[in-house]
Amino acid sequence: MTLRRVMILGTGPAGLTAAIYAARANLQPLIIEGNEPGGQLTLTTEVENFPGFPEGVMGPELMQSMREQAERFGAEFVTGFVTSVDLSKRPFTVIVDEKDSYQAQSLIISTGASAKRLGIEGELEMTGRGVSTCATCDGFFFRNKPIIVVGGGDSAMEEATFLTKFASEVVIVHRREELRASKVMQERARNNSKIRFELGMLPTAVERDEHKVTGLVVRDVVTGETKSLKTDGIFVAIGHSPNTGFLAEQLEVDPVGYIKTKGVTTATSVEGVFACGDVADPLYRQAITAAGSGCKAALDVEKFLEGQSAQDWSVSLQA
């Protein structure tokens with residue numbers, strides 16, 4: 001088994017940016033790209049808010065370009081699913097697909113966070129074609145069109161309020177009669193003339209034609225009656241789950257499962273392990289912020305491998 005200086009787990013914007021920087025630093029990174037190479041951006045169509053693309057760029061195209069850039073500098077990729085890791089001692093051990101074993105002196109974890117889904121008919125098929133999990137990413141495409149936001153928490157209220165900048169109307173659909181959002185977020189949404197509510201309604205299917213979403217079928221949780229809410233876009237805002245199950249509680253995480261990092265660095269609770277992107281970011285969850293944190297992680301790894309501890313440079317940066 002070849003001992004690697006650095007391994008990167010995940011190939012979204014964070015992991016691929018980390019790969020580019022680590023490869024250019026001659027660290028010869030090995031990247032485990034998972035069963036969905038490229039992360040969530042490969043499920044989107046046009047990305048208009050990533051700097052450097054005035055006409056926009058297709059999500060899969062952007063991820064492929066970043067991957068090729070990393071390969072150009074010597075990064076090596078392995079396709080597979082990380083099933084477990086051993087962080088109890090260095091070198092760290094990473095098991096892929098429950099059978100292949102790899103070892104590395106340092107790890108960058110960039111496995112992202114997965115948007116929770118409704119699990120209804122037509123949802124997956126229409127993701128990127130009218131079904132979205134990111135208002136800031138896709139809201140622009142629904143100018144002067146009716147939109148549905150599914151969810152009852154603060155995130156749903158925030159996304160619905162944001163989407164009123166573009167939509168002709170925003171309908172909030174929630175399966176309970178009462179919202180889970182904080183009072184201030186509820187009031188903000190209720191006071192917006194473009195927002196109306198369909199409460200006590202359980203989504204059951206996404207209606208669509210050959211090319212786009214046309215509606216959402218909902219069932220009244222009390223009467224059992226179903227109806228169709230006509231719409232051009234459905235934004236699912238029922239939360240995210242960080243992809244950290246494989247860690248088996250070997251790193252310090254917050255109550256939801258996002259990896260905690262130290263100070264302004266990407267260092268985690270285990271020396272030599274770093275985290276970047278959405279797996280450590282419950283707040284922004286944007287491609288550009290993920291890419292920036294991937295850069296930080298690669299620079300942090302380089303310092304670590306040179307023999308400087310995370311605490312040393314964290315303190316110096318904050319001084």
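The values are calculated or read from the model by the stated rules, or taken from the named source; none is laboratory data. Note that the coordinates shown come from a computational prediction; the quantities given were computed from them, not determined experimentally. Quick reminder, even Gly has a Cβ in these numbers, built from the backbone with ideal geometry, and neighbours come from all protein chains shown.
Yes or no: segment 182-203 includes at least one residue that is under 30 Å from Gly122 (Cα atoms), touching a Phe, Trp or Tyr at 6+ places or on another chain (Cβ under 7 Å), modelled with pLDDT of 95 or more and surrounded by 15 or more Cβ atoms within 10 Å (Cβ to Cβ).
no
Would you point out which residue out of Met185, Met201 is hydrophobic (A, V, I, L, M, F, W, C), in contact with a strand residue (DSSP E or B) (Cβ under 6 Å, 6 or more places away or on another chain) and in contact (Cβ under 8 Å) with a residue 12 or more places away in the chain?
Met201
Does Glu158 satisfy the criteria of being closer than 24 Å to Ser114 by Cα, within 23 Å of the chain's Cα centre (by Cα), of a type in the set (D, E, K, R) and outside any loop (DSSP other than H, G, I, E, B)?
The answer is yes for Glu158.
Checking the condition in contact (Cβ under 8 Å) with a residue 12 or more places away in the chain, over 23 Å from Gly294 (Cβ atoms) and outside the structural domain of Leu216 (by TED's automatic domain parsing), which residue from Ser110, Ser106, Ser88 passes?
From the options Ser110, Ser106, Ser88, the qualifying one is Ser88.
Any idea which of (1) charged (D, E, K, R); (2) closer than 21 Å to Val206 by Cα; (3) at pLDDT below 95 is the one Lys145 doesn't satisfy?
For Lys145, the exception is condition (3).
Report, by residue number, each residue of segment 198-220 that is of a type in the set (A, V, I, L, M, F, W, C) and closer than 16 Å to Ile238 by Cβ.
Leu199, Met201, Leu202, Val206, Leu216, Val218
Ala319 versus (1) at pLDDT below 90; (2) closer than 22 Å to Gly34 by Cβ: which is the lone unmet condition?
Exception for Ala319: condition (2).
Check Arg180 against each of (1) in a loop (DSSP other than H, G, I, E, B); (2) within 11 Å of Gly233 (Cα to Cα); (3) under 23 Å from the mean Cα position of the chain (by Cα) and name the one condition it does not meet.
All conditions are met except number (2).
Of the residues that sit in segment 78-92 and are out of contact with any Gly (no Cβ under 9 Å at 6 or more places or on another chain) and surrounded by fewer than 18 Cβ atoms within 10 Å (Cβ to Cβ), which one is nearest to Ala14 (Cα to Cα)?
Checking each candidate, the answer is Val78.
Looking at Ser84, Ser65, which one is within 21 Å of the chain's Cα centre (by Cα) and within 23 Å of Ala25 (Cβ to Cβ)?
Ser65
Can you tell me how many residues within segment 105-117 are surrounded by fewer than 24 Cβ atoms within 10 Å (Cβ to Cβ) and closer than 21 Å to Thr266 by Cβ?
Residues that pass the stated criteria total 2.
Against the definition (under 22 Å from Val273 (Cβ atoms), of a type in the set (Val, Ile, Thr), touching a Leu at 6+ places or on another chain (Cβ under 8 Å) and surrounded by 15 or more Cβ atoms within 10 Å (Cβ to Cβ)), how does Ile95 come out, yes or no?
It is false that Ile95 is under 22 Å from Val273 (Cβ atoms), of a type in the set (Val, Ile, Thr), touching a Leu at 6+ places or on another chain (Cβ under 8 Å) and surrounded by 15 or more Cβ atoms within 10 Å (Cβ to Cβ).
Tell me, which strands (runs of 3 or more DSSP E) lie completely within segment 221-303 with 1 or more residues that are surrounded by fewer than 20 Cβ atoms within 10 Å (Cβ to Cβ), among the aliphatic types (A, V, I, L, M) and not assigned by TED's automatic domain parsing to the domain that holds Tyr21?
Once the strands (runs of 3 or more DSSP E) in segment 221-303 are filtered for at least 1 residues that are surrounded by fewer than 20 Cβ atoms within 10 Å (Cβ to Cβ), among the aliphatic types (A, V, I, L, M) and not assigned by TED's automatic domain parsing to the domain that holds Tyr21, what remains is 226-230.
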